[in-house]
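*Asks:* I'd like to ask you about the structure that follows.
The values are calculated or read from the model by the stated rules, or taken from the named source; none is laboratory data. Keep in mind that what you see is a predicted model, and the values were worked out from it rather than measured. Positions of Cβ are backbone-derived with ideal geometry, glycine not excepted, and every protein chain shown enters the neighbour counts. Heavy atoms of the whole protein, side chains included, go into the accessibility calculation; ligands, DNA and RNA do not. Shrake-Rupley method; radii C 1.70, N 1.55, O 1.52, S 1.80 Å.
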Amino acid sequence: MVRELWLARHAESVGNVAATRAEAERLEVIPLDIRDADVGLSPTGAEQADALGDWLQPRLPELDTLWSSPYARARQTLAAALGDQHGDRVVFADERLRDRELGVLDLLTHAGVQARFPGELARRRHLGKFYHRPPGGESWADVALRLRSFFRDFEATAGDRAFVMAHDAIVMVSLYVLLGLSEAELLEFAQENLVGNASVTHLERVDGRFRLVEFGNVDHLRVEGAPVTAHPGVDDVTPR
């Protein structure tokens with residue numbers, strides 16, 4: 001049974017940078033000609049991943065297992081953080097840790113959604129963020145279903161202490177699953193908190209239940225002088 005769990009978001013990606021710039025310039029489409037699974041780190045992200053390594057490497061002897069989303073930005077972040085020890089540790093990749101899929105809204109900015117899929121705005125207002133599923137994509141409820149499946153298998157093999165490298169939506173929805181939050185509690189927490197790039201969230205199990213010890217820690221970035229960034233995930237059809 002897992003007693004301690006650390007959830008990290010990947011460092012800043014070129015997709016984060018392109019999406020933020022496209023939003024600022026009021027473009028309809030994010031100018032990125034690569035599929036989401038292959039998006040790699042930005043130069044700032046590489047700095048952040050190295051700084052994360054200063055946090056991770058001293059803790060490696062205490063970690064029984066390391067897990068990662070199969071997406072390039074997550075794998076690159078973890079590889080850089082492991083540094084010289086990358087080849088010495090097994091990293092378990094699991095597709096259930098992939099980022100939320102946006103379907104027809106993929107690569108669209110908020111302006112693009114408003115221009116091309118105005119009906120999705122009304123659907124989202126009616127259904128709410130947790131249950132709104134873009135055509136061809138996933139809702140947060142869908143992500144929760146695959147994470148429940150992941151954590152069932154994870155418990156049997158992860159050991160006492162485990163580290164997971166993934167995405168902002170995965171970190172947020174994992175809190176919903178592991179802490180037993182309600183929809184309203186999750187949405188309130190997400191409204192007040194962003195999952196920063198290369199941040200670490202810590203949970204521990206007490207009397208059989210997980211509790212949140214620390215959310216979104218980026219002190220390691222500040223110590224190493226790496227930029228702190230918190231690009232919102234492009235997982236909504238209304239501005240955040």
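*Asks:* Can you pull the one-decimal nm distance between simple spin-label points at Glu25 and Arg222, each 7 Å off the Cα toward Cβ?
*Replies:* For Glu25 paired with Arg222, the spin-label model returns 3.3 nm.
*Asks:* Ile34 versus Glu214, label points 7 Å from Cα toward the beta carbon: distance in nm?
*Replies:* 3.1 nm
*Asks:* Figure the gain on full extension for Gln57 and Ala93 (residue separation times 0.36 nm, minus the Cα-Cα span) and round it to one decimal in nm.
*Replies:* Gain on stretching Gln57 to Ala93: 11.0 nm.
*Asks:* Considering only DSSP beta bridges with both partners in the chain, what is the antiparallel share in %, to the nearest 5?
*Replies:* For the chain, the DSSP antiparallel bridge percentage is about 50.
*Asks:* Let me ask something additional. Val29's amide H: which non-local residues (gap 5+, or another chain) put their own amide H closer than 5 Å, with H modeled 1.01 Å from N in plane and none for Pro or chain starts?
*Replies:* Thr109
*Asks:* Projecting each Cα onto the charge dipole of the chain (Lys/Arg +1, Asp/Glu -1 at the beta carbon, about the Cα centre), which of Val173, Val39, Gly136 comes out farthest on the positive side?
*Replies:* Gly136
*Asks:* Is the range 97-160 rounded, prolate or oblate when judged by the Cα gyration tensor, a ≥ b ≥ c being the square roots of its eigenvalues, rounded requiring a/c under 1.5 and prolate requiring a/b larger than b/c?
*Replies:* prolate
*Asks:* If you add up the charges near Ala115, with Lys and Arg at +1 and Asp and Glu at -1, over every other residue whose beta carbon is less than 13 angstrom from its beta carbon, what do you get?
*Replies:* Once all neighbours under 13 Å are counted, the net charge is 0.
*Asks:* Which whole-Hz ³J(HN,Hα) couplings does the range 175-181 yield from phi under the Karplus relation 6.51 cos²θ - 1.76 cosθ + 1.60, θ = phi - 60°, glycine and proline marked x?
*Replies:* 5, 4, 6, 7, 8, x, 6
*Asks:* May I ask for log10 I(q)/I(0) of the range 112-199 at q = 0.18 Å⁻¹, from a Debye sum over the Cα atoms as equal point scatterers with solvent left out?
*Replies:* Those come out to -0.91, one per q.
*Asks:* Quick check for me: using +1 on Lys/Arg Cβ and -1 on Asp/Glu Cβ, what's the dipole size of the chain about its Cα centre, in debye to the nearest 20? Before the final figure, lay out the partial values.
*Replies:* Details: 27 positive and 38 negative charges, 130 e Å.
For the chain, the charge dipole is close to 620 debye.
*Asks:* Alpha carbon centre of the range 37-77 versus the range 120-181: separation in Å?
*Replies:* The range 37-77 and the range 120-181 have Cα centres separated by 20 Å.
*Asks:* With n ≥ 4 as the cut-off for DSSP H runs, can you work out [θ] at 222 nm for the chain, using -39500 (n - 2.57) per run divided by the number of residues, rounded to the nearest 500?
*Replies:* Working: 9 runs with 98 residues, N = 240.
Rounded to the nearest 500, the figure is -12500 deg cm²/dmol.
*Asks:* Work out from phi, with θ = phi - 60° and the Karplus expression 6.51 cos²θ - 1.76 cosθ + 1.60, the ³J(HN,Hα) of each residue of the range 72-79, listed in order in whole Hz, and give x for Gly and Pro.
*Replies:* Coupling constants for the range 72-79: 4, 5, 6, 4, 5, 4, 5, 4 Hz.
*Asks:* Could you please state how large a percent of the accessible area of the chain is carbon and sulfur, counting protein chains only and using a 1.4 Å probe?
*Replies:* The value for the chain is 49 percent carbon and sulfur by accessible area.
*Asks:* Additional query: May I ask you to give the solvent-accessible area per residue for the range 1-136, in square angstrom, as obtained with a 1.4 angstrom probe?
*Replies:* Solvent-accessible surface per residue comes out at 48 Å².
*Asks:* Further question: Using θ = phi - 60° and the Karplus form 6.51 cos²θ - 1.76 cosθ + 1.60, what ³J(HN,Hα) does each residue of the range 82-87 get, whole Hz, x for Gly and Pro?
*Replies:* Once rounded to whole Hz, the list reads 6, x, 5, 8, 4, x.
*Asks:* Also, I was wondering about something else. Given labels modelled 7 Å from the Cα in the Cβ direction, how far is it in nm from Asp160 to Ser182?
*Replies:* Those two pseudo-labels are separated by 3.7 nm.
*Asks:* Now a separate question. Could you give the dipole magnitude of the range 1-70 about its Cα centre, charging the beta-carbon of Lys and Arg +1 and that of Asp and Glu -1, in debye to the nearest 20?
*Replies:* With only Lys, Arg, Asp and Glu charged at Cβ, the dipole is about 140 debye.
*Asks:* Enumerate by residue number the chymotrypsin sites (Phe, Trp or Tyr not before Pro) in the range 140-181 meeting two conditions: DSSP loop (anything except H, G, I, E, B), and at most 13 other Cβ atoms within 10 Å of the site's Cβ. Mind dumping the intermediate values first?
*Replies:* Numbers: sites: Trp140, Phe150, Phe151, Phe154, Phe163, Tyr176; in loops: none.
Here no loop site has a sparse enough neighbourhood.
*Asks:* Convex hull volume of the Cα atoms in the chain, per residue, in Å³?
*Replies:* Residue-normalised Cα hull volume stands at 117 Å³.
*Asks:* Another question, then. Per residue Cα convex hull volume for the range 44-152, in cubic angstrom? Write down the numbers at each step before the final one.
*Replies:* On the way: hull volume 13.9 nm³, N = 109.
Spread over its residues, the Cα hull of the range 44-152 gives 128 Å³ apiece.
*Asks:* Report, to two decimal places, the Cα Rg of the range 2-63 normalised by 2.2 N^0.38 Å (N = number of residues). Write down the numbers at each step before the final one.
*Replies:* Values: Rg = 15.5 Å, N = 62, 2.2 N^0.38 = 10.6 Å.
Taking the Cα Rg and dividing by 2.2 N^0.38 Å, one obtains 1.47.
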